[in-house]
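Everything below concerns the one structure shown next.
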Amino acid sequence: MFEIIIGLEVHVQLNTQSKLFCSCATSFGEKPNTNTCPTCLGLPGALPVLNKEAVHKAIMLGTALKSKINQKSIFNRKNYFYPDLPSGYQISQFEVPVVGLGELNIDFEDGTSKKIGVTRAHLENDAGKNIHAGDVSNVDLNRAGTPLLEIVSEPDMRSATEAVLYLKKLHSIVRYLRISDANMQEGSFRCDVNVSIRPKGDTKLYTRCEIKNMNSFKFIEKAIHYEVNRHIEAWEDGVFDKEIVQETRLFDPNTGETRSMRGKEDAADYRYFPDPDLLPLIITDEMMEKYSQIPELPDEKKERFVKDYKIKEYDASVLTANLEMANFFDEMMSEGISGKNATTWLSVELQGRLDGVSLENSPVSAKTLATMIKRIEDGTISGKAGKQVLDYLIENNTDNIDEVIEKLGLKQVSDDGALLEMIDTILAANEDKVAEYKAGKEKMFAFFVGQTMKASKGSANPQKVSQLLKQRLA
Ligand SMILES: [Zn+2]
């Protein structure tokens, strides 16, 4: 049996207005090479000036991960050659990153959680983009110099599931802090996955492979499964040392396989050295005080939901995974409904009907959904009728619940007089069954409920019917 070892390096593109070391805009989708200047084009003599906003955002993330913030950190040059890197080096941080050791909690479905160590987070600038078109390759440097925060985890994850839980949690924290749009399709949140295996009980680390530039949770899971199987097979066939080499691999979503891209460089290959154009980054106590103010995070929100709204731990972690959803839920709860009902109607019924449309664009508002739940809770309509009301609300873009209930004729009969009249008629027509019931055949009770519901054409309030039947049969 083998143990799987996974470590992750996540690149988050910070949503600053301008680039990390110049005042060029960071806007996405502009005409190629228009967001550029001598600094981000790497022209000789142009000097970098650090963007304070990026430092601010790095400190916010460090605070959220309970990390040690290094009040003095250093920018280094990481040297390599590639067409999309005009200066021939990336400005990054090496020995002393701005954010040091921290941690992140992941939550499992059974309500338990696990702490994953976060080694560090450092600031660096992004490269441009090579665009390949047939025989020609073009270089667009609009992205060159965009601020990135690279967040490196400890090799603490033991399965693809844990890796995805970590990424989802980090993604949600970044969104809560509003330091990045974290749009995965546009590459604002992407990661490199380091995978290795070892026999259970072994403490040594064996050769690892890095799967580069992943930006989909689903593909990350698949890539890990593929890579783990490749390692295990090589081990079992006795060719591990020959076949598994330290390298960078790419995942192909079409085949579900990873393939070798290049040998993995060691840090020494990059000839890191402090950037002589940049002074050490000093974070004063005053900056620390000011920048470490952060909003309520997913874990705290989850705790509050469990405590105040009396919902299950796991439900709370699902609701708080997404800030939009958490806010929607908070707003529903301000209408004074039950947390359990609100959870089901939001996460199952409404989400299911929205079919991928974001809650922000939901045709049914939090207040409207909560009002409808109130009508179920006070017995005006049944839960089943609630589903019809919700369908109607989504199709007709209205928010007057009482009007919709009236229009669809879904109001339950809870009036004692009307219900008793029906019940008496049914009991009178079934004297034999009443006798059986009174002789101890308790099953007959369900028959009387069923008959009454049928007589009311489904509009009777079933709880009320039970209650009145019990009175009459006593
Ligand atoms: Zn520039």
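Couple of notes before you dig in:
- Peptides 372-384, 268-280 ranked from most to least packed by the mean count of surrounding Cβ atoms within 10 Å: 372-384, 268-280.
- Label positions at Thr161 and Glu377, each projected 7 Å from the Cα along the C-beta direction, are separated by 3.4 nm.
- Residues whose amide H falls under 5 Å from that of Thr36, counting only those 5 or more places apart or on a different chain, are absent, with hydrogens built in the peptide plane.
- Under a model in which nothing but the beta-carbon of Lys, Arg (+1) and Asp, Glu (-1) is charged, the range 171-281 shows a dipole of about 320 debye around its Cα centre.
- For the range 364-409, a crude dipole built from +1 on the beta carbon of Lys and Arg and -1 on the beta carbon of Asp and Glu, taken about the Cα centre, is about 140 debye to the nearest 20.
- A compact globular protein would have a Cα radius of gyration near 2.2 N^0.38 Å; the ratio found for the range 12-99 is 1.18.
- Cβ-placed point charges (K, R +1; D, E -1), dipole of the chain about Cα centre in debye, nearest 20: 480 debye
- Stokes-Einstein D (µm²/s) once Rh is taken as the Kirkwood radius of the range 1-152 over alpha-carbon pairs, at 4 °C in 1.567 mPa s: 76 µm²/s
- Full extension of the chain between Gln17 and Glu403 yields a length gain of 134.2 nm, computed as 0.36 nm times the residue separation minus the alpha carbon distance.
- Taking all C-alpha pairs of the chain, those more than 32 Å from each other amount to 56 percent.
- Computed in the context of the full set of protein chains, the accessible area of the chain at 1.4 Å probe radius has 50% of its extent on carbon or sulfur.
- Most to least packed among 147-159, 25-37, 53-65 [average Cβ atoms within 10 Å]: 53-65, 147-159, 25-37
- Taking every lysine pair in the range 244-366 that is 8 or more places apart or spans two chains, those with Cα atoms closer than 16 Å amount to 8.
- Cross-linked pairs Lys443/Lys464; Lys68/Lys114; Lys66/Lys218; Lys19/Lys52; Lys168/Lys384: Cα-Cα separations exceed 22 Å for Lys66/Lys218; Lys168/Lys384.
The values are calculated or read from the model by the stated rules, or taken from the named source; none is laboratory data. For clarity, every value in this text was computed on a predicted model and none was experimentally measured. Neighbour counts are summed over all protein chains in view; Cβ atoms, including those assigned to glycine, are modelled from backbone coordinates with ideal geometry. Ligands, DNA and RNA are excluded from the accessible area calculation, which covers all protein heavy atoms including side chains. Shrake-Rupley method; radii C 1.70, N 1.55, O 1.52, S 1.80 Å.
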